[in-house]
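To start, the structure itself, in structure tokens.
The values are calculated or read from the model by the stated rules, or taken from the named source; none is laboratory data. All of these numbers come straight from a predicted model, not from anything done at the bench. Using ideal geometry, Cβ is built from the backbone for each residue, glycine included, and neighbour counts are taken over all protein chains shown. SASA here: full protein model, heavy atoms, side chains in, ligands and nucleic acids out. Shrake-Rupley method; radii C 1.70, N 1.55, O 1.52, S 1.80 Å.
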Amino acid sequence: MTQTVDITQVVAYDLTAEDAAVIMSLSRRLADEFSSPQDPSLFEELEVISGEVPKGVRRAAVRARLTEGTGALVLRGLSVIDTQLGQTPSGWRDADTDGTRIHAFQTLLLGSLLGDCIGWDAQQDGRIVTDIVPSPAMEESLVSSSSSRELTWHTEDAFSPYRADWVGLLCLRNPARVPTTITTVGLHGIPDDIRQVLSEPRFIVLPDSAHEMAPSATHAIPVPVLSSADSGSVLRVDRDFMSAVPGDDAALRALTWLTAELDANLTDLLLEPGDSAFINNKVVAHGRRAFVADFQSNERWLKRVNVVRDLRLSRPLRASGTSRSVMAS
Ligand SMILES: [Fe+2]
């Protein structure tokens, strides 16, 4: 059964045609100046040029960032012209295309309104902007290249203490109108005894298979599901890659309770071409409904970026101060 997450948790902004044109023009400037969204010198310029994003969009981002408990910022009406995209590739390796690179810059520009964009060494060759397309033979997998299997709720990269504060998605194509999903849990709705257990390091989160790495001893260290931060309580979950410490019955009961709650609160968030959602990765888990992919030239396609509020935290796992690619350990 699907229930509705409190809609006040989503900050929505409908761009004007002029907003969209200005953002596209800024993205083109970046694409002209920097050959690749990976260029380390791009990120300083991003910070500067994002000040030229129309005020209404910047205001919506500020509101999302400063309003405690915001679940997502949804920007609708960005410029995406289907005929300029080229064919949807059958895998991420072929997805950094000439026709869509402008949208990688667009994604970075929007992400920079909320913080600093990062990627992962072990995910999609360390690209900062990654691609989500369904892939043949991956239909039943547990990662975002799946299709006929639902992508279950998770906070992005829940295994890592360096995971994003925001995960950004820009929809290029979605012909079958397949919904992204979001879910969360109200702290006050959690019974005290369960909240206590969830707040203790009694849970194991393994890296999902989108990271080309073997689980290490670090990943066997139990972590809490709930923790407090200055901005409120932090949720760290992954339905498929998380478990209670073996033999800890109370932890298993608490996780079972939370799983049922997050399942019940799962809500559709439909992204159509030109829609961008920045999901608060410390408050809301996300996933995607199952669908039948036909792997035609116009298959579903999203650009994705991770955004952190404090880049310095991940410095021990980045090769240099200017690198934006985090080595997962
Ligand atoms: Fe995800």
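Exactly one condition in (1) on the phi < 0 side of the Ramachandran plot; (2) open to solvent by 10 Å² or more (accessible area, probe 1.4 Å); (3) within 16 Å of the ligand (Cβ to nearest atom) is not met by Q124; state its number.
If we test Q124 against (1) on the phi < 0 side of the Ramachandran plot; (2) open to solvent by 10 Å² or more (accessible area, probe 1.4 Å); (3) within 16 Å of the ligand (Cβ to nearest atom), just (1) comes out false.
Which residues, counting only those in the stretch 161-184, are within 16 Å of G115 (Cβ to Cβ) and within 13 Å of the ligand (Cβ to nearest atom)?
Result: R163, A164, W166, V167, G168, L169.
Looking at the stretch 80-121, which of its residues are open to solvent by 20 Å² or more (accessible area, probe 1.4 Å), farther than 25 Å from H211 by Cβ and part of a loop (DSSP other than H, G, I, E, B)?
Within the stretch 80-121, V80, I81, G86, Q87, D98, G99, L113 qualify.
Are there any pairs, at least 6 apart or on different chains, whose C-beta atoms fall under 7 Å, with the first in the stretch 285-309 and in contact (Cβ under 8 Å) with a residue 60 or more places away in the chain and among the acidic types (D, E) and the second open to solvent by less than 10 Å² (accessible area, probe 1.4 Å) and away from the ligand (no atom under 13 Å from the Cβ), and if so, which?
Listed by first residue and then by second, the contacts come to E299/V133; E299/P134.
Across the stretch 282-317, what is the number of residues that are more than 20 Å from the chain's Cα centre (by Cα) and open to solvent by less than 10 Å² (accessible area, probe 1.4 Å)?
0
Tell me, which residue of the stretch 143-159 that is polar (S, T, N, Q) and closer than 13 Å to M242 by Cβ is farthest from the ligand (Cβ to nearest atom)?
Of the stretch 143-159, the ones polar (S, T, N, Q) are 144-148, 152, 155.
Then drop every residue that is not closer than 13 Å to M242 by Cβ, which leaves 152, 155.
Details: T152: 10, T155: 8 Å.
Of everything passing the filter in the stretch 143-159, T152 is farthest from the ligand (Cβ to nearest atom).
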